[in-house]
1. Going by average Cβ density within 10 Å per residue, which order do the peptides 148-154, 41-47 take, highest to lowest?
2. Output the peptides 199-205, 29-35, 169-175 sorted from most to least packed, where packing is the average of other Cβ atoms within 10 Å over each peptide's residues.
3. Would you work out which of Pro200, Ile26, Ala353 lies farthest towards the positive end of the dipole of the chain, given +1 charges on the beta-carbon of Lys and Arg and -1 on that of Asp and Glu, about the Cα centre?
4. Please label the shape of segment 6-55 as rounded, prolate or oblate, based on the square roots a ≥ b ≥ c of the eigenvalues of the alpha-carbon gyration tensor (a/c under 1.5 means rounded; beyond that, a/b larger than b/c means prolate, else oblate).
5. If you average 1/r across every pair of different Cα atoms in segment 332-382 and take the reciprocal, what Kirkwood value do you get, in Å?
6. Across every pair of different alpha-carbon atoms, what Kirkwood hydrodynamic radius in Å does the chain reach?
7. Under 21 Å Cα to Cα from Lys199, which lysines show up? Leave out anything in the same chain fewer than 8 places away.
8. Kirkwood Rh and Cα-based Rg: tell me the resulting Rg over Rh for segment 181-224, rounded to two decimals.
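Every number in this text was worked out from the coordinates using simple rules, so none of it is lab data. Keep in mind it's a predicted model, so treat the numbers as computed, not measured. Don't worry about glycine lacking a Cβ; one is built from the backbone with ideal geometry, like all the others, and counts go over all protein chains shown.
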Amino acid sequence: MNQQLRSEPVSFIDIGAQRRRLGTSIDEAVGRVLTHCQFVNGPEVTELEQKLAVFTGAKHVVSCASGTDALLMVLMGKGVGPGDAVLCPSFTFCATGESVALTGATPVFVDVDAATFNMDVASLKQGLVAARRAGLRAKGIIVVDLFGQSADHDAIAAVAEAEGLFVLDDAAQSFGATYKGRRLGGIGNIMATSFFPAKPFGCYGDGGAIFTDDAEFADVLRSIRVHGQGSDKYDNIRLGLTGRLDTVQAAVLLQKLTIFEDEIAARNVVAERYARGLGNVVTVPRVADGNLSVWAQYTIRLPNGNRDGFAAALKANGIPTAVYYAKSMHQQTAYRHFPVADGGLPVSEALSADVISLPMHPYLDEPTQARVIAAVRDAVAG
Ligand SMILES: *Cc1c(COP(=O)(O)O)cnc(C)c1O
């Protein structure tokens with residue numbers, strides 16, 4: 001390998017490669033919107049919702065302006081507010097717990113499983129104990145499918161059913177993933193996702209969607225999406241948002257959907273190469289049997305604790321890394337005062353101290369990935 005190739009910077013997520021692959025199809029799709037000028041509620045929005053319903057197996061899809069709005073709209077639709085507790089993992093992107101706090105309800109943070117990084121069911125039960133002691137009414141659970149992998153939905157549904165709680169699946173990072181052979185969104189709970197550009201299924205700006213089998217609830221969400229409108233346009237019947245997905249973004253997503261299954265397969269090839277190349281020097285992610293991950297992130301755990309030194313060594317070789325998440329939610333300034341599950345959140349805290357994510361996207365070719373693997377092995381060996 002010559003020196004130039006060796007030092008050429010590697011992309012962490014290569015949106016440009018996907019753009020080149022799709023060629024003029026995106027330009028033409030956006031051009032059609034520029035011609036019909038229905039920038040809001042255009043025909044592409046309806047077509048996208050229909051195609052995403054087919055793709056996931058969900059009965060109803062309500063597109064919206066972001067993943068955060070998707071979470072918030074569901075919580076608003078469920079009537080969550082002050083005095084209510086919604087349990088969610090602490091080791092996640094801040095929007096998960098933020099959406100709860102925005103309604104005036106209280107997020108109660110629970111721990112995650114060390115192998116899958118997803119909600120730990122024993123800690124969830126301890127979270128219910130903490131919520132009750134704090135005088136809160138437990139209303140629901142937000143379960144997150146972190147880094148592309150499905151959480152243990154059956155185990156969480158069993159707790160929710162026993163306690164009379166709703167389950168909202170935050171699949172912002174996991175659109176397209178499967179749980180026990182079924183696509184998320186089609187497994188019976190309410191799912192929210194994000195189309196932020198860096199997510200596995202991203203658009204060219206902000207966007208999101210909600211998936212549900214409940215026709216009545218889908219109507220409530222459509223009302224919330226436009227300021228709580230009722231059948232009479234001038235009589236708003238509840239509080240809502242400006243929560244719509246732009247037509248241009250729907251047009252982009254319709255093109256990306258045509259290659260998405262192929263991209264998921266390519267991401268899994270990349271993940272397998274990492275597991276083979278790195279499995280004996282760092283802790284590589286493990287996907288539970290029967291699940292297919294979409295690998296939003298490829299997140300490893302370092303054995304020796306020197307994360308800054310590791311990141312610097314890779315950077316010197318032109319290889320970017322990122323830390324998701326250096327602080328779990330309960331460790332962040334805005335969220336420190338919210339309750340945590342009894343027994344504390346030791347796994348979340350340990351992960352926040354030792355995880356690091358490597359370049360991951362469908363267009364990471366084998367020679368480039370070999371460079372990443374070699375650099376990781378060198379850095380770990382010190
Ligand atoms: C990205 C993300 C969100 C928020 O999505 P936006 O579209 O950025 O608002 C919510 N939850 C998780 C887990 C995320 O990764």
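1. Taking the mean over residues of other Cβ atoms within 10 Å, the ranking is 148-154, 41-47.
2. The densest-packed peptide leads the list: 169-175, 199-205, 29-35.
3. My answer, from the dipole projection, is Ala353.
4. prolate
5. 14.5
6. The Cα-based Kirkwood calculation yields 21.5 Å.
7. Lys51, Lys256, Lys327
8. 1.04
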